[in-house]
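Everything below concerns the one structure shown next.
Every read-out reported here was derived from the displayed coordinates using simple, explicitly stated rules and does not represent laboratory data. Since the structure is predicted, the reported quantities are computational estimates derived from the model, not experimental observations. Cβ sites come from the backbone with ideal geometry, for glycine too, and all protein chains shown count toward neighbours.
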Amino acid sequence: MELIVCKFGGSSLADAAGFLRARRILERSRGRKYVVVSAPGKRSDSDEKITDLLARANIQSAHGGSEALAQICARYRAIGQALGIDGTEAWLTALCRDVRRAPMLAASRGEWLCAKMFAAFAGLPFVDAEALIRFDAGGGLLQGETRRRIRAMAARTAGAVVPGFYGGSADGAIRTFPRGGSDISGALIAAALGAKRYENWTDVDGLMSADPRLCAGAVCHNAVSYRQMRRLARAGARVLHPDCLSPAADAGVPTVLRNTFAPERGGTYISDCVRGEAPCVCTREDLCAVPIEALSADARGLIAGRADFIASDGGKLAAMPRMKNRRAAALVSAFGLPRAQLAAACVDVQPLGVRTDDGCAQFLIPAERMSGAANALHARLLRCAGIAAQD
Ligand code: ASP
């Protein structure tokens, strides 16, 4: 039987209906045995993620405040009561105690409790990430030790639910990955177990040709390479945590992005067997444009090392992290734009500067024209690839 590691993100497990959806997905394939969970995320745009509430509850606890903690308890209680999960109250008591302790321990309790509850609900054992994902006292991941522990866990279980986002450190403390780090936990487990695939279940269909909130007609790609995913992450795309790509790719485990809310859709298959660039537009808005000629020789030297972008045409402009009193700029990257289309694309978007790099063209655009430029490039990319825009 093929082994599949599933990771469910915060939006997938935001409420009781999400728990039901995730359990149904597990029931559909006998290979889906090892499950990594995030903390419950937002149920609507105005909602707060449990991890954000925990960070606030940790700060409030130092001043005797309990507003965020009350919200956290209400959210978990609603899930526990709707699904009849025994043990919820006792686990919440432990969470209320831990929230007052170190900030990383407090932040990790969202995943911890979600995994406790989902394990009980799905009828799988709970295995604490503290015992599996190991860090040294300086916060570096102990890769070999982590791999050994995950394999030992799989040798004694036929399946398990593991909290994402954190692990245990040699100094006895709990340590978290950066935000969104449950993706990394899932990839480490899938890689250590040599899984047939790593399914990452979220609230989107997969890798889209552009952010659908920005570009009309964005389509979902069936397949993309790990290499392109890494480059997309550097260009600003926020699909998966960038640090989850290498563990899975190095172990030869494909990652599949799936939509918990539409499991009948195939999602996006990520593997290094995929050739070529999937046509995609992505944007970064955190930049400003700096004319290089206006800088001293020393400053130019500094910029050459720090700039996110230097135009290919002799480098008259650099893009730096946004600074006051500098022109706000956006970097719009077009993956899969044929070379012969570059001049026409420049006419479309009138960039401040252009850089091309191995199947990707990057356009530096004044911030106020970013949306128009992204839409024009996206439409051109789809036309060139012969893909009809989605309604
Ligand atoms: N719960 C954490 C966050 O909100 C980690 C994760 O969801 O991956 O960032």
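Side notes on the structure shown:
- In this simple spin-label model, placing a label point 7 Å from the Cα along the Cα-to-Cβ direction at both residue 295 and residue 316 gives a separation of 1.7 nm.
- Rounded, prolate or oblate (a/c below 1.5 giving rounded, otherwise prolate when a/b exceeds b/c) for region 92-182 by Cα gyration tensor: oblate
- Taking each DSSP H run with n ≥ 4 as -39500 (n - 2.57) and averaging over every residue of the chain yields -11500 deg cm²/dmol at 222 nm.
- Full-extension gain in nm, residue 82 to residue 246, via 0.36 nm per residue minus C-alpha separation: 55.2 nm
- GNM on the chain, alpha-carbon springs under 10 angstrom: the most fluctuating residue among 30, 56, 230 is 30.
- Most positive-pole-ward Cα, 112, 123, 276, against dipole of the chain from beta carbon charges: 123
- Computed over region 188-324: relative contact order in percent, which uses C-alpha pairs under 8 Å that are six or more apart: 27 percent
- Among 80, 140, 359: highest mean-square fluctuation, GNM of the chain, C-alpha pairs under 10 Å: 140
- On Cα atoms only, tilt of 103-122 relative to the major axis of the chain in degrees: 70 degrees
- Separation in nanometres of the label points that stand 7 Å from Cα toward Cβ, at residue 101 and residue 344: 6.2 nm
- Scanning the chain for GluC sites (Glu not before Pro) lying in DSSP loops with no more than 13 further Cβ atoms inside 10 Å, the longest uninterrupted stretch between such sites is 3-263.
- 0 to 90° range, to nearest 10: angle between helix 370-385 axis and the chain longest Cα axis: 90 degrees
- Centre separation in Å (Cα based) which lies between region 262-311 and region 192-258: 16 Å
- Take the Cα radius of gyration of the chain and divide it by 2.2 N^0.38 Å, N being the number of residues; the result is 1.07.
- Applying a DSSP loop filter and a limit of 14 other Cβ atoms within 10 Å to the trypsin sites (Lys or Arg not before Pro) in region 168-217 leaves 179, 213.
- To the nearest ten degrees, helix 143-156 and the longest principal axis of the Cα atoms of the chain are 40 degrees apart.
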